[in-house]
Amino acid sequence: MNKLNKLIIASLAGFCFILFIVGCKKSQSPDEQVAGLTPYVLQIPNGLPPMDIPASNPMTEEGVALGKQLFFDPILSGDNTMSCASCHKQSFSFSDSSVQFSTGIDKLIGTRNAMPLVNLGYQKQFFWDGGAADLESQVIGPIQNPVEMHEDLNNVLAELNAHPTYPALFKRVFGGDKIGTAMIMKAIAQFERTLISGNSKYDQVKAGTASFTPQELRGLSWYTDMKKGDCAHCHVIGSTFSDFEYRNTGLDSIPVDIGRGRITLNPTDDGKFKTPSLRNIALTGPYMHDGRFKTLEECIQHYNIGFKYTANLDPNLDNIKKGRLNPADVQDIIAFLNTLTDTEFITNPKFKK
Amino acid sequence: MNFIKITCLAFIAFVSLTACKKKTTEEPAKAIPSTANVDLLFSNEVDGQPIEFGKMQYTNAAGNMYQIDLLKYYVTNVKLVRADSTFVSLENYDLINAADLSTCVINGLNIPNGTYTKIVFNIGLPQDRNHTGAQDGDLEPAKGMIWDWNTGYVFFKHEGKFKNSTNQTKSLVFHFATDRAFTIVEMPLTAPLVVNGVDKKVLFKFNLNKLYTTPTNVDFNVDYNRQSSSNQDFPWMDNLKLSFYDAFILDRIE
């Protein structure tokens, strides 16, 4: 009797144990991370803040490697001739050499200058008008754009799912049996978040391992002087060199491209574009959303004398005197901007194909 | 002593069995199951006519002849609401494609027994789900319902053609999108949905023509290309929001 009781208790206990183990297991959704991946540890240079990584896309070594492979793979374009890297070249801080507008697979050109890809993890919205609400969502823009890679997502998925090696790589990183668009978006975003620049001469001066020339130092003082360059209002000094807000900088009296207004559908945002980071700015010309200025000198002269008094003009420009910088001041500011070039970033083998 | 142990373990087993259930029953019934599946079916039509794609055979209230080449919309976050305002939420994100009947049904699994007097659902995506494309299922970007230049889903699409006032065939494009377009539809059930352990079907009709009658009849000669892409589309969008209330009717419950 006693033995029987023990047997019953033991069986019940075992049964309960199994129930506890299996009871709450959810079926794994394809975008859940598979265990056994190596977390990717971001190396944030001194002088840059910690980077917020979205909980829905934790970075792994395997995910970053997959994203890098996709970034350089023309399989994502309509005729398999063009990759992300075609217009985002490392030697130009991942912008497109010195062309005003990049050429897509159908030999069509766009209307906006390819943006550099640097320190993207500090931004919340992407494209010149901030139309992409997160870095992941940005990924499908150029892939589908008729003037860029001009590809249908269903074709991309069919090609990747039929590929000899990609299905296993995706499965390892994201689980699931079929490659979905979300996985492509997440992988490329993971790679792009590793594109961190923080070892320019400016950073070295901050770290005490280099020093500014007198001209660079004068340039820095004009940069921050609210009656001279007044650059720092928007291109905030240090770390990201932008507050990433949207502004109308008076490029045209009547904007040809309404920019942010196309996203918010609010006419008071017409002609506004995202303030870009100035890191590696010497490498990323031509300048402005439409690449209208070939040189930094033209840019600075725009803010000095060229800007137009248009509706929605940024209040800082509306209130500042024109012609406040003389040609020597402009050259000083350019000398300072040149200290934001990070040669380690543009030669880093980790970012090469 | 052993009896107590066995009782305790039996209790733990019971708890283990029931612990992970999302929805608990109000009155545990003995003989019949405490839940049942409720399917919501959407029958898309134009004033009672079934939808045939690519045929110039429909007439809107303004008297414009038109055809339908594409008709898709998101029905999300279906709630089955009881008389006391408590509800069961399906937490679904379903894309209804009128061209594919398999998409025109939303499965409500394991709905607790009870009497439901109202069904509430969204046309479109709530803000917290509308601003990233890195999503699966019916939100997969390859489904072609997301804008890649201004992250957000198109909640409703009707594309086709119409005969204009000079009898020319012109393109018809209605894309209803952005957070402003987010619409909550409440469907009071005159005959309540009683779930009592037996699977049920709730059949809705969606009458496309009703989208073009509120508050005044939409003349396709004037409004034929609305894509929620500027503030000039706002009046059209605000009217469409209201008209969704009229477009859905409860057909029957089986």
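Read the figures in this text as sums done on the coordinates, not as results from a lab. From a predicted model like this one, the values you see are computed outputs, not experimental measurements. Cβ: placed from backbone, ideal geometry, glycine included. Neighbour counts: every protein chain shown.
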Taking Cα centroids, how far is the stretch B:137-202 from the stretch A:83-116 in Å?
36
With Rg and the Kirkwood Rh both taken from Cα atoms, where does Rg over Rh land for the stretch B:36-253?
0.97
Sort all Cα-Cα distances of the stretch A:201-347 into consecutive 5 angstrom bins from zero, then give the percent of pairs in each bin up to the one containing the longest distance.
2, 9, 18, 23, 21, 13, 8, 4, 2, 0
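Suppose we look only past 30 Å in the calculated P(r) of chain A. What percent of the Cα-Cα pairs does that tail hold?
Working: 28002 of 62128 pairs.
Result for the distance tail: 45 percent.
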Working from the alpha-carbon coordinates of the protein assembly as shown, get Rg over Rh, Rh being the Kirkwood radius.
1.05
Once label points are set 7 Å from the Cα along Cα→Cβ at both B:ALA191 and A:GLU61, what is their separation, rounded to one decimal in nm?
6.5
Compute the distribution of all C-alpha to C-alpha distances in the stretch A:61-196, in bins of 10 Å from 0, and list the percent of pairs in each, rounded to whole numbers.
12, 45, 35, 7, 0
For residues of B:135-144, the mean tally of beta carbons on other chains within 10 Å
6
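Calculate for chain B the 222 nm mean residue ellipticity that helices alone would give, adding -39,500 (n - 2.57) per DSSP H run of length 4 or more and normalising by residue count, nearest 500 deg cm²/dmol. Working shown, then result.
Values: 3 runs with 36 residues, N = 254.
Helix contribution divided over all residues of chain B: -4500 deg cm²/dmol.
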Fewest Cβ neighbours within 10 Å first, please rank B:TYR153, B:TYR212 accordingly.
B:TYR212, B:TYR153
Cβ under 11 Å from A:ILE258's Cβ, A:ILE258 left aside: what net charge do those residues give with Lys, Arg +1 and Asp, Glu -1?
-2
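What ranking, highest mean first, results for peptides A:197-208, B:129-140, B:216-227 when packing means the other Cβ atoms within 10 Å averaged over each residue? Display every interim value, and only then the final one.
Details: A:197-208: 18.6, B:129-140: 20.3, B:216-227: 16.1.
My ranking of the peptides, most packed first, is B:129-140, A:197-208, B:216-227.
Between B:LYS170 and B:ASP136, 0.36 nm times their residue separation minus their Cα-Cα distance comes to what?
Numbers: separation 34, 0.36 × 34 = 12.24 nm, distance 3.50 nm.
My answer for the length gained is 8.7 nm.
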Counting only other chains, what is the mean number of Cβ atoms within 10 angstrom of the Cβ of each residue in peptide A:141-148?
2
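Sort the following peptides by mean Cβ neighbour count (other Cβ atoms within 10 Å, averaged over residues), highest first: A:188-194, B:48-54, A:335-341. Don't skip to the end; give the middle numbers.
Numbers: A:188-194: 23.9, B:48-54: 11.4, A:335-341: 21.1.
Taking the mean over residues of other Cβ atoms within 10 Å, the ranking is A:188-194, A:335-341, B:48-54.
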Nearest 10 degrees is fine. How inclined is helix B:234-247 to the longest principal axis of chain B, computing both from alpha carbons?
50
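Helix by helix through chain A, keep the DSSP H runs that span 20 Å or more along the axis on Cα and average at least 0.0 on Kyte-Doolittle, and give those back in order.
Values: long enough: A:2-23 (30 Å, 1.61).
Helices passing the filter in chain A: A:2-23.
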Residue order, fewest to most beta carbons within 10 Å, for A:MET149, B:MET65:
B:MET65, A:MET149
Just counting partner chain Cβ atoms within 10 Å, what average do the residues of peptide A:185-193 show around their Cβ?
1
Neighbour-count order for B:LYS157, B:LYS201, fewest beta carbons within 10 angstrom listed first
B:LYS201, B:LYS157
